[in-house]
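Novice: Below you'll find the structure I mean.
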Amino acid sequence: MTVVLFSNCHTKKKAMATTTTPGVTYAVDMKSIIATNCSPCHIPSKGGNKKALDTYEDLKANIDNVVQRIQLNPTDRGFMPFKHDKLSDSTIAIFTKWRDAGMPE
């Protein structure tokens, strides 16, 4: 007697999870990270006098420079956030994930 079993590795639940997992967006993720880590210097309404990063358009236009500077070490010229600790690797990864995903709003 021969028994043949067919198995499907993808369950419906697993398939749904992969298709409904949202990516990083400006409104949900980036806006709060900028407000927490780049204020007041890059937030004009809070007295910031550096390049504004408080709107979607501002961050999108400067994302390559932002990512490059937050990846530097605190002793490197141009490091951001200036006079603060380096952002966590997971926070830096959110910036790069957002950029690499096409900077969804």
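Novice: Measure off, as a whole percent, the carbon and sulfur share of the 1.4 Å-probe accessible area of region 47-105, all protein chains present. Don't skip to the answer; put the middle values down first.
Specialist: Details: 1840 of 3880 Å².
Heavy-atom surface of region 47-105 belonging to carbon and sulfur, 1.4 Å probe: 47 percent.
Novice: Please give me, ordered by residue number, the trypsin sites (Lys or Arg not before Pro) of region 50-97 that lie in loop per DSSP and have at most 14 other Cβ atoms within 10 Å.
Specialist: Those satisfying the criteria are Lys50, Lys51, Arg77, Lys83.
Novice: Suppose we keep just the alpha-carbon trace of region 18-105; what are its Rg and Dmax in angstrom?
Specialist: Cα radius of gyration and Dmax of region 18-105 are 12.9, 42 Å respectively.
Novice: At what distance in nm do the modelled label points of Lys51 and Arg69 sit from each other, each positioned 7 Å from its Cα along Cα→Cβ?
Specialist: Taking the simple label geometry, Lys51 and Arg69 are separated by 0.6 nm.
The values are calculated or read from the model by the stated rules, or taken from the named source; none is laboratory data. All values derive from a computational prediction rather than experimental measurement. Neighbour counts are summed over all protein chains in view; Cβ atoms, including those assigned to glycine, are modelled from backbone coordinates with ideal geometry. For accessibility, only protein heavy atoms count, side chains too; no ligands or nucleic acids. Shrake-Rupley method; radii C 1.70, N 1.55, O 1.52, S 1.80 Å.
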